[in-house]
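Taken together, the values in this text are just the output of simple stated rules run on the coordinates, not laboratory data. The structure displayed is predicted, hence computed values, not measured ones. Counting neighbours? That spans all protein chains shown, and the Cβs are built from the backbone with ideal geometry, glycine included.
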Amino acid sequence: MSLLLKISGLIDRISEIIGKFSGYLVLACCLISAGNACIRYLFNYSSNGWLEIQWYLFAFIVLLGASHTLRLNEHVRVDLIYGAVSDRARLWIDAIGLVVFLIPACLYLAWLSWPFFALSYVQGEVSSNAGGLIRWPVKLVIVAGFSLLALQGISELIKRIAGLLGVLRVDTTYEKPLQ
C-alpha cells in the first residue's frame, strides 16, 4: 500500500501543477477577451484567431482543470444519499463510482478521442474561418484531459482503498449547494 500511496501522491502533484496552470489560463482568457473587445470597439478590427483562442483556452481550462477539481473533491456530484451516510459508506460510494463510472468512462473517451486528434494532426487541419487556428492542439487536449482525469481517478481510488483499510484518513466532507 505504501508504494501505491506514493504513486497516488505523484499523480496528485501532477494534477495540482496542471490545475494551477489551468488557473493561469483563466487569466489569459480574460485578458484576451477584454483585449479583443477593446480592439474591436476602438479600432473596428476583429480576428477570428483571437476569437478561437478564447474557446481553445476555455477547453484547456475545463479539460485540464478537471483532474485538479477531482483531487480537491470539488466536483459536481448527485447527492441522493451521500450527505446522510457515514464516512466509511462515503468511501465505498466513491470507490464504486470511480471503478464503475469515472475511470472506465474517461479511458473510453480518451481512446475514442485519439483518432479524432491523430487525423487532425496528420491532415494539418486548420479552422475554416479566415485567420483561424490549427485544430490539433485543442483536439489533443481532449485526449489529455480525459487521460489525466482517469489517472486522478486511479489516485482517488488508491486513497479510498487506503481509507477503507485504515491506512489513511480521507476527508469525505461534502457541503450541499446553497440553492
> Given N48, A118, A66, which one lies farthest toward the positive end of the charge dipole of region 1-132, if we put +1 on the Cβ of every Lys and Arg and -1 on the Cβ of every Asp and Glu?
Replying inline: A66
> Net charge near K20, counting Lys/Arg +1 and Asp/Glu -1 over other residues with Cβ under 13 Å of its Cβ?
Replying inline: 0
> For S46, S155, what ranking results if the residue with the fewest other Cβ atoms within 10 Å of its Cβ goes first?
Replying inline: S46, S155
>> So if I take the centroid of the Cα atoms in region 21-72 and the same for region 144-178, what is the distance between those two points in Å?
In response: 29
> Sorted from fewest to most neighbouring beta carbons within 10 Å, what does the list T69, T173 look like?
Replying inline: T173, T69
> Candidates [x] 13.1; [y] 8.9; [z] 10.5; which is the computed mean projected area of the Cα convex hull in nm²?
Replying inline: [x]
> Which residue, chosen from L5, G132, A150, occupies the Cα position most advanced towards the positive end of the dipole of region 2-165, where the dipole is computed from +1 (Lys, Arg) and -1 (Asp, Glu) charges on Cβ about the Cα centre?
Replying inline: L5
> Considering only the other residues whose Cβ falls under 11 Å of the Cβ of I11, what net charge follows from Lys and Arg at +1 and Asp and Glu at -1?
Replying inline: +1
> Once the Cα atoms of helix 48-71 and of the chain are each reduced to a long axis, what angle between those two axes, in degrees from 0 to 90 to the nearest 10, is obtained?
Replying inline: 10
>> Can you give the local net charge around V122? Use residues other than it whose beta-carbon is closer than 13 angstrom to its beta-carbon, Lys and Arg +1, Asp and Glu -1.
In response: +1
> Roughly how many debye, to the nearest 20, is the charge dipole of the chain about its Cα centre, given +1 on each Lys and Arg Cβ, -1 on each Asp and Glu Cβ, and no other charges?
Replying inline: 180
>> What is the angle, in °, between the Cα long axis of helix 2-43 and the longest principal axis of the Cα atoms in the chain? Nearest 10 is fine, range 0 to 90.
In response: 30
> For the residues Y45, Y121, what sequence is obtained by ranking on other C-beta atoms within 10 Å, fewest first?
Replying inline: Y45, Y121
>> Using Cα-Cα distances under 8 Å and only pairs 6 or more residues apart, what relative contact order does region 2-165 have, in percent?
In response: 35
